[in-house]
Amino acid sequence: MADNLPLPVRVRVTASPSLALLKYWGKEKSGINIPATSSIAVTLSGLETVTEISTDFNQDGKSSAGDQIIINDEPVSDPKIELFLRYARDQYPLPSQLTIRSRNNFPTSAGLASSSSGFAALAAGLGAYIRPALSGIELSALARAGSGSACRAVFGGFTRWIRGSEYAVPVYDHTYWEDLRILLILVTRQPKSTGSRSAMNHCSQTSPVFSSWIRENHRHEEMMLAGLQNRDLEQLGAAMRQSYLFMFSTMFTADPPVIYWLPESMAVIRACEKLRRNGLNVWETMDAGPQVKLLCQESETGRIVEELEKEIGPFEYRLSRPGLPPAVETCFD
Ligand code: DP6
């Protein structure tokens, strides 16, 4: 973007969430959302946060007292967003009042990484008001201050965020693994009871296996990078399974434990195990919530859905693939 462009009146960003194949779970003590583990993720096509930012309050007939934040049509006061806006204004000269409208085309706060797409969209939207324009890495560092996983969602395809780093980097774009599919199984639409931030901090403070989790991350990372480089789903899937199960072991051993799994989540894990025994190449992962995400090949997707239905009955799902980076549209009058 040319640096002498005027500032926009309105910005609209469409961003997709970042699904961690290798998990970010634990923070370093210094800095904001600096990860204690490396993570590797894929940006998910089809799931979208659309965020509009505008400075034209009077046209909207709105009062001009502070920022206005509207999520899924509800005006909200969200401390995480307010803190992020304060941080962004400390770093960059930004308009002092903004109206921010955001909506998701998928359930919010239900374990589908809505905070990653939410803060990636917000950071990319604010980026349109910053001169000179931010580089990808600067944008990633800005998004990280809102939510760690958002620093990966400012890129498409496959991303890597190295432990101790302030930003993620793109590794392969969305065309790299054409036949990879992600089946997102919605076992519930209820918002989760504990947010990932507080669960992560609680586990790092109280789980006796947390230090092993951090140590093992190096090994999981090597395995996963090799799987990704070889486009080898079995190798990637085995590393992914180790990473999510070890992450959950820090939750189960926290005091008190954090239990996101529902009986329905377990049923999907079991079914997935059975499908693998029967020769299907399908691998599950979970995040801070009860939903289960499966990685598989396009050619086997139909069969996997059919076989899963036989095992667990009808279920709600979204089919995704490696997605694009955020799209930013600006309007100057
Ligand atoms: C399990 O990025 O939501 O999804 O940095 O505190 O905002 P904060 O945490 P957040 O945690 C994501 C945790 C995870 C794993 C991952 O996305 O890597």
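How much of the DSSP beta bridge set in the chain is antiparallel, as a percent to the nearest 5?
Working: 47 of 51 bridges.
Once the DSSP bridges in the chain are tallied, antiparallel ones form about 90 percent.
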Original post:
Expressed in nm², what is the orientationally averaged projection area of the convex hull enclosing the Cα positions of the chain?
Top reply: 16.8 nm²
Original post:
If one computes the Cα centroid of segment 203-227 and of segment 234-266, what distance in Å separates the two points?
Top reply: 12 Å
Subject >> Kyte-Doolittle mean at least -1.0 and Cα axial length at least 20 Å: DSSP H helices in the chain >> reply: 210-229, 233-252, 263-277, 298-312
Subject >> Size descriptor, Kirkwood hydrodynamic radius, that averages inverse alpha-carbon separations across segment 173-228, Å >> reply: 15.0 Å
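Please compute the alpha carbon radius of gyration of segment 271-333, then divide it by the globular-protein estimate 2.2 N^0.38 Å. Two decimals is fine. Mind dumping the intermediate values first?
On the way: Rg = 16.3 Å, N = 63, 2.2 N^0.38 = 10.6 Å.
Taking the Cα Rg and dividing by 2.2 N^0.38 Å, one obtains 1.54.
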**OP:** Would you mind checking the pairs K23/K310; K274/K310; K29/K80; K27/K80 and listing those with alpha carbons more than 21 angstrom apart?
**Re:** K23/K310
**OP:** Please express the Cα-Cα pair-distance distribution P(r) of segment 72-128 as a list of whole percents, one per 5 Å bin, running from 0 to the bin with the greatest distance.
**Re:** 4, 15, 29, 28, 15, 7, 2
**OP:** Could you provide, to the nearest whole Å², the per residue accessible area of the chain with probe 1.4 Å?
**Re:** 43 Å²
**OP:** For segment 34-133, restrict the atom set to alpha-carbon positions and state the Rg and Dmax in Å.
**Re:** 14.6, 46
**OP:** May I ask you to give the percent of accessible area on segment 201-303 that is carbon plus sulfur, with a probe radius of 1.4 Å?
**Re:** 50 percent
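If we count every other residue with Cβ under 13 angstrom of S147's Cβ, Lys/Arg +1 and Asp/Glu -1, where does the sum land? Can you show the working numbers first?
Working: positive: K27, K80, R144, R152, R197; negative: D78, D287.
Surrounding charge for S147 is +3.
Beyond 15 Å, how much of the Cα-Cα pair distribution for segment 244-300 remains, as a whole percent?
Numbers: 838 of 1596 pairs.
The calculated P(r) of segment 244-300 puts 53 percent of pairs beyond 15 Å.
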Original post:
When the scattering of segment 185-295 is computed by the Debye formula from its Cα atoms alone, each counted once and equally, what is log10 I(q)/I(0) at q = 0.23 Å⁻¹?
Top reply: -1.28
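The values are calculated or read from the model by the stated rules, or taken from the named source; none is laboratory data. This one's a predicted model, so the numbers in the text were calculated from it and none came from an experiment. Counting neighbours? That spans all protein chains shown, and the Cβs are built from the backbone with ideal geometry, glycine included. Side chains included, ligands, DNA and RNA excluded: accessible areas come from the protein's heavy atoms. Shrake-Rupley method; radii C 1.70, N 1.55, O 1.52, S 1.80 Å.
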